[in-house]
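Novice: Here's a structure for you.
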Amino acid sequence: MGRRDLLRAAGALPLLALVRPAVATPDAMRAAIAQWTGGQVPSNGKVTFEIAKLIDNGNAVPVTIRVDSPMTATDHVTGIALFNERNPETDIVRFTLTARSGRAEVATRIRLATSQKLVAVARLSDGSYWQQSVDVIVALAACIEGEPM
């Protein structure tokens, strides 16, 4: 490396301090929930959210969401969405269900950037929305833009 290359690299070093991983915020999460619910505030209850409270590695975190519903033609869950406040995007996943789904339960693995609050929201066929939130602690983060995975 020549002297000029070294000077260019040293000149670019302060710019690296300006580069930060993109993260959502609690306000962005609330806005995403409001958009999905059409501005309706979800009630607490009916949703069971299974996730470890202490997560060793945020790269593949198992999550199960269940909703108390008979899943009949007239009374069923039409959607389940999972939101977060600290990943680069506020929407983690959205599921569409019908009465033919059999039961109102979804399971997946997600990536978590850091310790944060997660909110599962269920939309029922009667137009109501129900939610459950959980705070998780992540020891080894994932989803950080600019870092190798």
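Table: residues versus (1) among the polar types (S, T, N, Q); (2) touching a Gly at 6+ places or on another chain (Cβ under 7 Å); (3) modelled with pLDDT under 95.
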| site | (1), (2), (3) |
| --- | --- |
| Glu85 | no, no, yes |
| Ile92 | no, no, yes |
| Ala107 | no, no, no |
| Val121 | no, no, no |
| Gln132 | yes, no, no |
| Val138 | no, yes, yes |
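Novice: Just to verify a result, which residue in region 20-49, among those that are out of contact with any strand residue (DSSP E or B) (no Cβ under 7 Å at 6 or more places or on another chain) and part of a helix (DSSP H, G or I), is modelled with the lowest pLDDT?
Specialist: Pro26
Novice: Identify, by number, the condition in (1) open to solvent by 60 Å² or more (accessible area, probe 1.4 Å); (2) assigned to a loop (DSSP other than H, G, I, E, B) that Ala52 doesn't meet.
Specialist: Single failed check for Ala52: (1).
One line per residue, one yes/no per condition, for (1) among the small types (Gly, Ala, Ser); (2) open to solvent by 20 Å² or more (accessible area, probe 1.4 Å):
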| site | (1), (2) |
| --- | --- |
| Arg100 | no, yes |
| Ala113 | yes, no |
| Leu124 | no, no |
| Ala139 | yes, yes |
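The values are calculated or read from the model by the stated rules, or taken from the named source; none is laboratory data. Source: prediction; values computed, not measured. Note that each Cβ is placed from the backbone with ideal geometry, even for glycine, and that neighbours are counted across all protein chains shown. Quick note on the areas: whole protein, heavy atoms, side chains included, nothing else; ligands and nucleic acids left out. Shrake-Rupley method; radii C 1.70, N 1.55, O 1.52, S 1.80 Å.
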